[in-house]
Amino acid sequence: MTTVTTTAYEVAVATEATLGEGPTWDPATGRLLWIDVLGSRIHTYDPATGRRTVRTTDQHVGAVKPRAGGGLVLNLRDGVGLLDPDGTFRWLHREQVPGRRANDAAVAPDGSLWAGTMRYDEATGGGTLSRVAPDGAVTTLLPDVTVSNGIGWSPDGRRVYYVDTPTRRVDVFDCADGLPVGRRPLVTIEEDAGFPDGLTVDADGCVWVALWGGAAVRRYTPTGELDRVISLPASLTTACAFGGADLTDLYVTTARVGLDRPHPTAGSLLVIPGAGKGVAQPPFQG
């Protein structure tokens, strides 16, 4: 298979997020949601008007997703919370663990939130991946992960892809009654190419994964073949998601944490227009 490499990109939002992450298209509002984990900020961007908003959270935020009735679900340092459209906040599930914080999360086809955690010191096995139901009930799916990161489902919902970053792998599970079984590697990222971080799955069932330290986003087929590389100037590419009214524009978050000489785009929200075709993501049902 021929691998296509491209370098075309645009800066959607020029900013200096410390750790930009979690791009998510909200079709109800026509806006892209994304966060600065360590800056404790929730960003929105409307590509039709260019309008931006920024909201500060009281603690580090790992992910933000739309809710079915409006508002947001937040994966926060001390648990999962709900933000109503009027700005009212309440905890859905609170679990304070010293030295641990939230990281990436995704809404499953059944409307639950799969929420990851990690330790600030990235200690091996210090994080988890859990399923948070709309009523707040929690099921631990994967204990003893290190840096819980990208999560995404195949278009038919029969497979789920997952990244625990230090493993250098994108793993795939089968879904049985909504739970992950049969874990196996889809692909292992070579040592000189960075670490897998956030991911998204397109309408073809291919997996796009951002490479932390690799200055790129890659697309892999459902059989694990590399067929596309998007090279970017910011070395710390963190996550990606399709957005826009027709879900054809690929948005990529970046970071500048720990860099002595970050590229001018580090920390900005980038976009590759017409990169592919995404799949509409379900909202959280809580």
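At-a-glance table
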| read-out | value |
| --- | --- |
| Hits in segment 7-62 - residues which are under 24 Å from Pro262 (Cβ atoms), open to solvent by less than 30 Å² (accessible area, probe 1.4 Å) and assigned to a loop (DSSP other than H, G, I, E, B) | Ala17, Val37, Gly39, Ser40, Thr57 |
| Qualifying strands (runs of 3 or more DSSP E) (wholly inside segment 174-280; at least 1 residues being closer than 17 Å to Thr5 by Cα and at pLDDT 95 or above) | 207-212, 216-220, 226-231, 237-243, 249-254, 269-272 |
| Selection from segment 202-230 of residues that are open to solvent by 20 Å² or more (accessible area, probe 1.4 Å), closer than 16 Å to Val279 by Cβ and aliphatic (A, V, I, L, M) | Ala203 |
| Verdict on Asp156 being of a type in the set (Asp, Glu), farther than 20 Å from Asn75 by Cα and not in a strand (DSSP E or B) | yes |
| Ala63 vs. criteria in contact with a Gly (Cβ under 6 Å, 6 or more places away or on another chain) and within 26 Å of Pro109 (Cβ to Cβ) | yes |
| Residue match in segment 133-153 (condition: charged (D, E, K, R), within 18 Å of the chain's Cα centre (by Cα) and open to solvent by 40 Å² or more (accessible area, probe 1.4 Å)) | no |
| Filter result for Thr3 (touching a residue at least 60 places away in the same chain (Cβ under 8 Å), open to solvent by 30 Å² or more (accessible area, probe 1.4 Å), touching a Lys or Arg at 6+ places or on another chain (Cβ under 8 Å) and of a type outside the set (A, V, I, L, M, F, W, C)) | yes |
| Among (1) under 21 Å from Thr165 (Cα atoms); (2) under 14 Å from the mean Cα position of the chain (by Cα), the one test that Leu226 misses | (2) |
| Count of residues meeting criterion [under 14 Å from Gly70 (Cβ atoms) and touching a residue at least 60 places away in the same chain (Cβ under 8 Å)] in segment 81-99 | 1 |
| Single unsatisfied condition, Trp114 versus (1) under 16 Å from the mean Cα position of the chain (by Cα); (2) surrounded by fewer than 23 Cβ atoms within 10 Å (Cβ to Cβ); (3) among the aromatic types (Phe, Trp, Tyr) | (2) |
| Selection within segment 100-146 - assigned to a strand (DSSP E or B), without any contact (Cβ under 8 Å) to a residue 40 or more places away in the chain and in contact with a Pro (Cβ under 8 Å, 6 or more places away or on another chain) | Thr128, Leu141, Leu142 |
| Only one of Tyr162, Tyr120 that is open to solvent by less than 10 Å² (accessible area, probe 1.4 Å) and under 20 Å from Gly22 (Cα atoms) | Tyr162 |
| Unmet criterion (only one of (1) surrounded by 23 or more Cβ atoms within 10 Å (Cβ to Cβ); (2) part of a loop (DSSP other than H, G, I, E, B)) for Asp86 | (1) |
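The values are calculated or read from the model by the stated rules, or taken from the named source; none is laboratory data. All values derive from a computational prediction rather than experimental measurement. FYI the Cβ positions are ideal-geometry reconstructions off the backbone, even for glycines, and counts take in every protein chain you see. Note: areas computed on protein heavy atoms with side chains; ligands, DNA, RNA excluded. Shrake-Rupley method; radii C 1.70, N 1.55, O 1.52, S 1.80 Å.
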